[in-house]
Amino acid sequence: RWFAAPSGASVPPAPRPPAPATEVTPDLKAPVVADSPFTQPLRIPGREGLMAQTPRGSALRLVAKEGAFPLFGGPETALWHYNARIDETIVANPLLAIGRGEPLDVTLENALAEPTTIHWHGLAVDEANDGSGLHPVAPGKKRRYTLRVENRAGLYWYHAHPHQLTGKQIQRGLAGLLLVDDEEELTLRKRLRLPWGERDIPLMISDKQVNDRNEIVYKDNPDDWIGNRVLVNWTAGAYLDVKSTLYRFRLINTSNARVFRPAFLHRGRPLAFHLIGTDGGLLEKPWRVDDLFLAPAQRADVLVSFAEVGEGESVILTSLDYVAMENEDDSGPLQPHLMADHPGAVPMGGRMELMEFRIGAADPKDSPAPLPPKLCNFPKPAVEVTPVRKFRLSLDAEGVWHINDWNMHASGHDAQFVVRRGTCEIWEIHNAMASMPHPIHIHGFQFHVLSRTISPPDIRARAVVPGGLGPQDLGLLDTILVWPGETVRIALDFSQPFKGRQRYMLHCHNLEHEDMGMMVTFAVTDDAPVLPVG
Ligand code: C2O
Ligand code: CU
């Protein structure tokens, strides 16, 4: 299914959106940006439309439906989205903000012609509110999700998750953001003085396969769906006017399959920045990095200073190219099989420009607050005398993905193992495939990373602590990228306030792998036998 480009093969440049055909009187004072592909202002959380931020604390009714939105310039695009009406205003895929400990009350109405759900990605929920494929909402039907958000502050998200239709529905648009805050976060915000929505901005990045009529294209049962266009906050060719000072960005990759390697390039060179948080909230301390790996579903909370960038200059958020494999023969960008399905797409691992920051003068009164050496009281993993459960990711001769020789599509939803509530386990995940990284996601529980064995050189080079861990491994995660040949160990704490049998999923967040059954159901109960240590 996956193969490497021949060594030294060149990666085609990212397609550029056509310039809008409008006549303009030249403004001689305006800086000339030669052929900039970045012509649309970035959408940021506002009051209406895509990504509008809804008022806190009220029950919400979200209707899953199709609607037309200007995304790519030119004709509008039919987008499947979660639609709500708030005081006569229509919002689409709204950003929900909530405090830790507060209730979330969302009723989904399905106005599509096929089943859908809302999965609360990263949240510690019970089965009934998890929105997995175990509880699809049929066309014309409703489901109410009521839960208390117990997670640490951070950026989470919600998306459709019906069995075998997740890739299609997310590619078509069914995804939104959920921002959680808590006391530690609010203290940090006060110190950093970076107001949300102004100097603290989410960047929801996804690639879409788009035809020349601006339609998002998806075919039945594809492999690894990658796109020829990039949306950041539902904006193609996005730019953001910023000042030459400090910003906080909440990066999230909502692509179907593409792993990004984001870096902030100034004059072609990476601007160092600080990683301060991951999927499950703040790291203990900031880490200075040049770039990151952001697999589908992963988040990165970063602080970027444009202070050294001159007024009138640009910084381009770029996904750098990367080598995913150890083996010489396998090096180079990953080429989805049948690139013909993805005309104009850059192969996975190829370089792509995502958006532009246009730098303006800083307010002379603004002096950025210094970075605190300690960001939060980071929860420590419980790893003493902890049993180990092993998982092996593999591909069979028919091209079917498996986890421990199990394929949900072929074999069903039955829970494959049961974990005793209140216990801790180490899960060891081994990617037995030589050619393909898998972003492995676990529902219902955030986890710590304990170790990674081998990694491609690019990844190994970022180890900062024993065990091969890089800065991104030092936070709480709900999705971990397991590189070809790699073995990772993660620690999970199965304490939760729920009762009875609760079923969750462990699956690949490459949505085409997920839809093809690279997913296992497990249950958490009070009376499961405790996994023996050893
Ligand atoms: Cu974000 Cu099971 O998914
Ligand atoms: Cu996978």
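The values are calculated or read from the model by the stated rules, or taken from the named source; none is laboratory data. It should be emphasised that the depicted structure is a prediction, and the values quoted were computed from it without experimental measurement. Positions of Cβ are generated from backbone atoms using ideal geometry, with glycine treated the same way; all protein chains shown enter the neighbour counts.
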Every residue from region 353-373 that is surrounded by 12 or more Cβ atoms within 10 Å (Cβ to Cβ) and free of Cβ contacts under 8 Å to residues at least 12 places away in the same chain
SER367
Going residue by residue through region 417-440, is there one that turns out to be β-branched (Val, Ile, Thr) and either within 16 Å of ligand 1 (Cβ to nearest atom) or in contact with a Pro (Cβ under 6 Å, 6 or more places away or on another chain) (or both)?
yes
Go through (1) assigned to a helix (DSSP H, G or I); (2) touching a residue at least 60 places away in the same chain (Cβ under 8 Å) for ASP224 and report which single condition fails.
(1)
If you go through region 284-298 one residue at a time, do you hit one that is crowded, with 23+ Cβ neighbours inside 10 Å, away from ligand 2 (no atom under 16 Å from the Cβ), modelled with pLDDT of 95 or more and not in a loop (DSSP other than H, G, I, E, B)?
no
Residues that are within 23 Å of GLY344 (Cβ to Cβ) and either of a type in the set (Ser, Thr, Tyr) or part of a loop (DSSP other than H, G, I, E, B) (or both), drawn from region 195-221:
SER206, GLN209, ASN211, ASP212, ARG213, ASN214, GLU215, VAL217, TYR218, LYS219, ASP220, ASN221
Could you go through region 199-219 and let me know if any residue there is aromatic (Phe, Trp, Tyr), at pLDDT 95 or above and not assigned by TED's automatic domain parsing to the domain that holds THR278.
no
Does region 255-273 hold any residues that are in contact with a Pro (Cβ under 7 Å, 6 or more places away or on another chain) and either surrounded by fewer than 21 Cβ atoms within 10 Å (Cβ to Cβ) or hydrophobic (A, V, I, L, M, F, W, C) (or both), and which are they?
ALA257, VAL259, ALA263, PHE264
For residues that are away from ligand 1 (no atom under 14 Å from the Cβ), β-branched (Val, Ile, Thr) and buried (at least 19 other Cβ atoms within 10 Å of the Cβ), scanning just region 105-142, find the one that is nearest to the chain's Cα centre (by Cα).
VAL106
Return the total of residues in region 478-534 being of a type in the set (Gly, Ala, Ser), closer than 30 Å to ARG258 by Cβ and more than 16 Å from ligand 1 (Cβ to nearest atom).
2
Give the residue, chosen from PRO94, PRO195, that is in the same structural domain as SER305 (by TED's automatic domain parsing) and of a type outside the set (Val, Ile, Thr).
PRO195
Return the only residue of TYR158, TYR145 being away from ligand 2 (no atom under 16 Å from the Cβ), hydroxyl-bearing (Ser, Thr, Tyr), part of a strand (DSSP E or B) and buried (at least 24 other Cβ atoms within 10 Å of the Cβ).
TYR158
Conditions (1) of a type outside the set (Asp, Glu); (2) outside any loop (DSSP other than H, G, I, E, B); (3) within 16 Å of ligand 1 (Cβ to nearest atom) -> THR187 fails only (3)
